[in-house]
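Structure first, then comments.
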């Protein structure tokens with residue numbers, strides 16, 4: 001899978017990236033939403049894993065920009081130290097594939113990515 005990881009904490013960015021690469025995924029990273037948009041304009045990405053709170057362009061602002069540019073079909077997994085991230089998402093009517101809280105449970109993240117891969121292959125119905 002081709003995954004874009006976005007987080008303003010470089011240590012978390014590297015940790016997630018390395019874990020995903022070790023599972024055979026192609027990974028691009030961005031330290032903020034603006035750099036993420038650059039990647040999305042040049043690469044075909046299958047999944048975005050994004051921190052909710054970032055300086056500049058937050059995950060929620062990034063989602064708004066993606067919608068504005070007609071990019072609706074990239075699944076998104078949000079990560080946050082905030083436990084209320086799902087409430088924020090639901091209130092804005094955003095379609096989020098999943099939320100992970102920090103510290104990240106990498107086994108759970110991998111299981112969700114595997115589920116997305118199966119969906120892409122048509123082996124699992126949409127939620």
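In segment 25-50, which residues are farther than 27 Å from residue 121 by Cα and surrounded by fewer than 16 Cβ atoms within 10 Å (Cβ to Cβ)?
Listed by number, the residues that qualify are 34, 38.
Could you pull out the residue among 95, 21, 35 that is in a helix (DSSP H, G or I), at pLDDT below 90 and out of contact with any helix residue (DSSP H, G or I) (no Cβ under 8 Å at 6 or more places or on another chain)?
35
Condition check: in contact with a helix residue (DSSP H, G or I) (Cβ under 9 Å, 6 or more places away or on another chain), touching a residue at least 12 places away in the same chain (Cβ under 8 Å) and either buried (at least 18 other Cβ atoms within 10 Å of the Cβ) or under 17 Å from residue 97 (Cα atoms) (or both). Does residue 53 satisfy that?
Judged against the criteria, residue 53 is not a match.
Condition (residue is loosely packed, with under 14 Cβ neighbours inside 10 Å, part of a helix (DSSP H, G or I), at pLDDT 80 or above and out of contact with any strand residue (DSSP E or B) (no Cβ under 8 Å at 6 or more places or on another chain)) applied to segment 66-80: is it met by at least one residue?
No, segment 66-80 has no match at all.
The values are calculated or read from the model by the stated rules, or taken from the named source; none is laboratory data. Small disclaimer: the values here were computed from a predicted structure and weren't measured. Note that each Cβ is placed from the backbone with ideal geometry, even for glycine, and that neighbours are counted across all protein chains shown.
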